[in-house]
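Participant: Please read through the structure below; I'll follow up with questions.
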Amino acid sequence: MAAPARGVGGRVHGRGLGRAGCRPQRDLLPRITVPTLLIWGEQDVRSPLSVAHQFERAIPNTQLVVIRGAGHVSSLERPEEFNAAVREFCRTHSPQPID
């Protein structure tokens, strides 16, 4: 198993919202007041789908799109599906029609 990622100041970042590295940000998630799109790779082992569901529950007005067959870099692994999800989200949440 790979060693945990170390961020600024050498803090260890865990895989779940409850881990030490993510704890400070966890409390901020419910304060997000804009529509939020989460795009997650179905096979993401770095940030498993369980983390996506935690974010989805914590952030109001969130849409979770799971890209089948993609891992952590779904934008590169499945660009068509990723871009389609972003376009649809922007169309849905734009104050003016987007072509």
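The values are calculated or read from the model by the stated rules, or taken from the named source; none is laboratory data. For clarity, every value in this text was computed on a predicted model and none was experimentally measured. Methodologically, a virtual Cβ is constructed for each residue, glycine included, from the backbone with ideal geometry; neighbour enumeration extends over all protein chains shown.
Participant: Within the range 59-70, restricting attention to residues that are surrounded by fewer than 17 Cβ atoms within 10 Å (Cβ to Cβ) and out of contact with any Leu (no Cβ under 7 Å at 6 or more places or on another chain), which residue is nearest to Thr36 (Cα to Cα)?
Facilitator: Taking the candidates together, the pick is Asn61.
Participant: Pull up the range 38-58, narrow it to residues that are in contact with a helix residue (DSSP H, G or I) (Cβ under 8 Å, 6 or more places away or on another chain) and surrounded by 16 or more Cβ atoms within 10 Å (Cβ to Cβ), then point me to the one that is farthest from Glu80 (Cα to Cα). If you could, list the steps in order and put the result at the bottom.
Facilitator: Narrowing the range 38-58 to residues in contact with a helix residue (DSSP H, G or I) (Cβ under 8 Å, 6 or more places away or on another chain): 38-42, 44, 55, 58.
Now restrict to residues that are surrounded by 16 or more Cβ atoms within 10 Å (Cβ to Cβ): 38-41, 44, 55, 58.
Details: Leu38: 16, Ile39: 13, Trp40: 14, Gly41: 13, Asp44: 18, Phe55: 24, Ala58: 28 Å.
Looking at the filtered set, the residue picked out is Ala58.
Participant: In the range 41-99, what residues are touching a Lys or Arg at 6+ places or on another chain (Cβ under 7 Å) and part of a strand (DSSP E or B)?
Facilitator: Correct list: Ile67 only.
Participant: All but one of (1) out of contact with any Lys or Arg (no Cβ under 9 Å at 6 or more places or on another chain); (2) modelled with pLDDT of 95 or more hold for Gly10; which doesn't?
Facilitator: The one condition Gly10 does not meet is (2).
Participant: Pairs please, first residue from the range 78-99 and closer than 15 Å to Leu38 by Cα, second anywhere and modelled with pLDDT under 90 and not charged (D, E, K, R), Cβ atoms under 7 Å, 6+ apart in sequence or on different chains.
Facilitator: Cys90/Ile98
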